[in-house]
Amino acid sequence: MPTVRIAPSLLSADFGRLAEEVRRVEDAGADWLHVDVMDGHFVPNLTIGLPVVEALKKVARRPLDVHIMIDNPLDFARRYVEAGASTLTFHAEATHEPRAVIDAIRAAGGQPAMAINPDSPVDRVLPFIDSLTMVLVMSVFPGFGGQKFMPDVLPKLTALRRAGFRGDLEIDGGIGPTTIAAAAAAGANVFVAGSAIFGAPDLGGRISELRQQAIHAAAAANASAAR
């Protein structure tokens, strides 16, 4: 069973005190820091860019899980890895050259990952799973935080595992105490949560709660499949 990882989304942090928020969530038990990059074109919002990723790298003690929601991932893949991305996730919908993006990420020293939107079939990513460290299944349409979880995407997680993908399988969008178990049972092991973590009065307690729910749900699903 892949290691369960909790990746708080910094999109829900207080941007006026980002270094403090990073330290706070790391001390609370975060495994990765999820960094959302939006260009205002591929998604209708603007957020973090290269200078902020570089600044985060200087203060972070956990790997930066950078998710680029941009139109031209090939042009920026190397630059985001050099800025500090450990894992760099680009969207299947954003390029006609996914293999070139994967190669550029790996050549720069990063871990390549591919994301698919809720309305994209899993077939968009299947030809590349042998070259990917991680696949991200979006459980909301990207662009804004705080959206409602879309359970219709869960079969994609199961399909990826059944296709033989043994890397990290991430889910992002509406993940919290009422949704994480279903995602873990379907095959996810990396969970991006924004408001569910940063909006909790006890960050450490919430991260521990999410982790335990995911571990138990995955174990139960694996035991059921083995029967």
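Coordinate-derived values only; no laboratory data. These numbers were taken from a predicted model, which means no experiment stands behind them. Cβ placement follows ideal geometry from the backbone for every residue including glycine, while neighbour counts extend to all protein chains displayed.
Assorted remarks:
- Qualifying residue in segment 195-214 (condition: touching a residue at least 12 places away in the same chain (Cβ under 8 Å), of a type in the set (Val, Ile, Thr) and touching a Lys or Arg at 6+ places or on another chain (Cβ under 9 Å)): yes
- Flag for ASP130 being under 18 Å from ARG161 (Cα atoms) and not aliphatic (A, V, I, L, M): yes
- Residue check, PHE149 within 12 Å of VAL4 (Cβ to Cβ), among the aromatic types (Phe, Trp, Tyr) and under 15 Å from the mean Cα position of the chain (by Cα): no
- Filter result (in contact (Cβ under 8 Å) with a residue 60 or more places away in the chain, part of a helix (DSSP H, G or I) and loosely packed, with under 14 Cβ neighbours inside 10 Å) within segment 1-20: none
- Residue count for segment 100-122, restricted to those that are outside any strand (DSSP E or B) and either crowded, with 16+ Cβ neighbours inside 10 Å or of a type in the set (Lys, Arg) (or both): 10
- Condition check for VAL125: over 17 Å from the mean Cα position of the chain (by Cα), crowded, with 22+ Cβ neighbours inside 10 Å and either closer than 19 Å to LEU88 by Cβ or aromatic (Phe, Trp, Tyr) (or both): no
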